[in-house]
Each structure stands twice: as structure tokens, then as C-alpha cells.
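The values are calculated or read from the model by the stated rules, or taken from the named source; none is laboratory data. Predicted, not measured: the structure shown is a model, and the values here were computed from it. Please note: Cβ atoms are built from the backbone with ideal geometry, for glycine as well, and neighbour counts cover all protein chains shown. Please note that ligands, DNA and RNA were not included when accessible areas were found on the heavy atoms of the full protein model with its side chains. Shrake-Rupley method; radii C 1.70, N 1.55, O 1.52, S 1.80 Å.
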Amino acid sequence: MRIILLGPPGAGKGTQARILTEKYGIPQIAAGDLFRENIKNKTALGQQVEEILKAGTLVPDAITIKMISERLDQPDCKNGFILDGFPRNVAQAEALEEMLKKKGIKLDAAVQMTVDDDDLVERISGRFTCGDCGEGYHDKFKPPHDPDTCDKCGAKDHFTRRPDDNEETVRTRLDTYHKQTKPILPFYEERGLLKTVDGMAPLKNVTAEILALFPSKKTPNQGIQAKKNG
Ligand code: AMP
């Protein structure tokens with residue numbers, strides 16, 4: 001399965017990508033995560049993009065496209081991938097089309113997650129993650145059972161918040177989405193690849209809606225079950 005998840009910041013792309021990753025055994029490629037990793041490791045790329053992420057505007061296309069192209073060449077992408085946060089403008093969508101053509105790969109779909117803008121600021125400014133296992137939480141919608149401990153891995157006092165999840169930067173990121181990213185929706189519609197799911201629905205329903213778009217794609221576990229039954 002080779003898909004793109006599209007939607008404004010806070011739509012739940014990362015959460016759904018992580019669920020699909022586990023189900024299909026294919027990697028999530030999140031441009032934002034790759035940038036944050038570089039910033040954390042103080043690489044040359046990290047230093048180049050740190051201020052841009054803080055401001056909530058887009059990293060120049062040449063840098064982003066090169067990073068994604070190199071990531072797609074990694075062996076773990078051979079059987080598929082979930083692109084999360086890339087492409088984010090028409091130039092990136094065109095570059096992706098070109099690079100996939102060169103690599104002899106076809107996209108299955110670009111899945112748009114729709115959400116109400118008004119809810120996004122609240123959704124984003126309340127979110128935090130476990131620094132150990134990456135499990136996502138929210139002050140209001142999904143607090144951990146014990147405020148200092150990760151429900152999933154038990155790590156204590158390891159919760160982290162993204163520096164760009166503050167209200168001011170969130171508004172810039174939303175503005176960037178509307179002005180630069182939304183115009184790529186017709187790009188994928190023209191190619192018959194655009195699918196839409198309701199990102200406001202409960203998390204499980206969103207996952208079910210996405211999975212229903214790909215009825216013929218078996219998850220690794222389903223494959224094993226089918227073999228046992230057959
Ligand atoms: P995200 O984690 O997807 O919310 O992205 C965090 C930040 O990384 C964005 O606000 C941008 O500054 C940068 N970024 C992520 N993806 C891209 C992209 N495709 N093109 C340019 N900048 C990006």
C-alpha cells in the first residue's frame with residue numbers, strides 16, 4: 001500500500017499513520033518527524049530548518065524533496081509507505097509524481113482527512129507525546145490514567161510537547177495549509193486518487209473508514225489468518 005495522508009495540522013494524520021504502519025507493516029514517512037529528528041541530532045539540515053519549524057512556515061522545497069526522495073529509497077519502503085505531511089504544496093506534489101515515476105512506483109491513493117478549523121487549535125495546543133514510545137495524548141481528549149506516566153510503556157515524567165504546538169504557531173500552520181497545501185487536492189482529484197474521510201469522527205471510525213478504502217489490501221496478520229483458514 002502506498003498512500004498519502006492529507007489534512008491540516010491536527011487532523012490526526014500522524015495518529016492514523018501509526019495505526020496503519022502497525023497493521024500493514026510499512027513505514028510512516030513524516031516530513032515533520034524527519035526534520036525534528038535532524039534538529040534533535042543537531043545535523044546541518046537540522047540547523048537549516050530549526051527556525052522555520054519554530055515559525056510554522058514551510059521548509060524550502062529543494063531541501064524537503066531531496067530528504068523524502070532519499071527516505072523512499074530505503075529498503076523498508078519496498079512494500080509500501082504512508083506519506084504524512086508530504087507533499088504540502090503543488091510543486092512538491094509534482095516532484096513526488098516525477099520521483100515515483102522514476103522509481104517505477106504507483107500511488108494507491110491520497111486520503112484527505114477533513115476537520116473543522118475551529119477545533120484544530122484546541123486539538124493541537126492540548127497534545128503531547130511519550131518521549132519513550134511516541135504514544136500520543138491530549139490534555140482534554142486523551143489524558144493518561146496517571147498524569148506523569150505513559151499508559152502504553154510505563155515511562156515516568158517523559159512526556160514532551162512540540163514547541164510549534166503553541167497557539168500562535170498553530171495559526172500560522174493553519175494559514176500555510178489553506179494557502180499552500182489545499183491547492184494540491186484538485187491535483188490528486190484530477191488523477192482519480194483523491195479519497196476523503198471524516199477526520200472529526202472517533203479515532204476508530206476514522207481508521208475503519210481508511211481501511212475500507214483498500215478492501216483488497218491485506219494486513220500481514222490477515223494474510224497469516226487466511227493461510228491458516230485455507
Ligand atoms: P508536521 O509535523 O507535519 O506538523 O510539520 C512540522 C513542520 O515541519 C511544518 O510546520 C513545516 O515547518 C515543516 N514541514 C513538514 N512537512 C513539510 C513539507 N512537506 N514541506 C515543507 N515543510 C514541511
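Order 206, 90, most accessible first, counting only protein heavy atoms with a 1.4 angstrom probe.
Accessible-area ranking of 206, 90, largest first: 90, 206.
So what J values fall out for the range 181-191 if you push phi through Karplus, 6.51 cos²θ - 1.76 cosθ + 1.60 with θ = phi - 60°, rounded to Hz, Gly and Pro as x?
Result, rounded to whole Hz: 8, 3, x, 7, 4, x, 4, 7, 5, 4, 8.
Per 0.36 nm of contour for each residue apart, how much would the distance between residue 146 and residue 50 grow if the chain were fully extended, relative to their Cα-Cα spacing?
Value of the extension gain: 31.3 nm.
What is the Rg over Rh value, at two decimals, for the range 118-192, using alpha-carbon atoms and the Kirkwood definition of Rh?
1.14
Quick one: grab Rg to one decimal and Dmax as a whole number for the range 1-132, Cα atoms only, in Å.
14.8, 41
Using alpha carbons only, how many angstrom separate the centre of the range 96-127 from the centre of the range 13-31?
Computed from Cα coordinates, the inter-centre distance equals 12 Å.
How much length, in nm to one decimal, is gained on full extension between residue 158 and residue 204, taken as 0.36 nm per residue of separation minus their Cα-Cα distance?
Between residue 158 and residue 204, full extension yields an extra 14.0 nm.
Roughly how many Å² of residue 128 are accessible to a 1.4 Å probe, to the nearest 10?
20 Å²
For the range 68-81, what does the Karplus curve 6.51 cos²θ - 1.76 cosθ + 1.60, with θ = phi - 60°, yield as ³J(HN,Hα) per residue in whole Hz, taken in order and with x for Gly and Pro?
My calculation for the range 68-81 gives 5, 4, 5, 5, 5, 7, 5, x, 5, 8, 4, 9, x, 6 Hz in order.
Please report Rg over Rh for the range 25-98, where both radii come from the alpha carbon positions and Rh follows the Kirkwood definition.
My calculation of the ratio gives 0.96.
Show the residues, 5+ positions off or on another chain, whose built amide H is closer than 5 Å to the amide H of residue 6.
111, 112, 113
Given the chain reduced to its alpha-carbon atoms as identical point scatterers, what log10 I(q)/I(0) does the Debye formula return at q = 0.17 Å⁻¹?
Each listed q maps to, in turn, -1.45.
Taking H as built 1.01 Å from N, whose amide H comes closer than 5 Å to the amide H of residue 194, not counting residues under 5 places away?
110, 189
For the chain, what does the helix formula give at 222 nm: sum of -39500 (n - 2.57) over DSSP H segments with n ≥ 4, over the residue count, nearest 500 deg cm²/dmol?
-14000 deg cm²/dmol
Let me spell out the model: positive unit charges on the Cβ of Lys and Arg, negative unit charges on the Cβ of Asp and Glu, origin at the Cα centre of the chain. What dipole size does that give, in debye rounded to 20?
1040 debye
Using a 1.4 angstrom probe with every protein chain in place, what is the largest-first accessible-area order of 187, 141?
Ranked from most to least accessible, the order is 141, 187.
Are there any trypsin sites (Lys or Arg not before Pro) in the range 74-133 that are in a DSSP loop and have at most 15 other Cβ atoms within 10 Å? List them by number.
78, 106
Averaging sequence separations of C-alpha pairs under 8 Å and six or more residues apart, then dividing by the length of the chain, give the relative contact order as a whole percent.
Reported as a whole number, the value is 29 percent.
Between 112, 74, 180, where does the largest GNM mean-square fluctuation fall for the chain, given springs only between Cα atoms within less than 10 Å?
Looking only at 112, 74, 180, the biggest GNM fluctuation is shown by 74.
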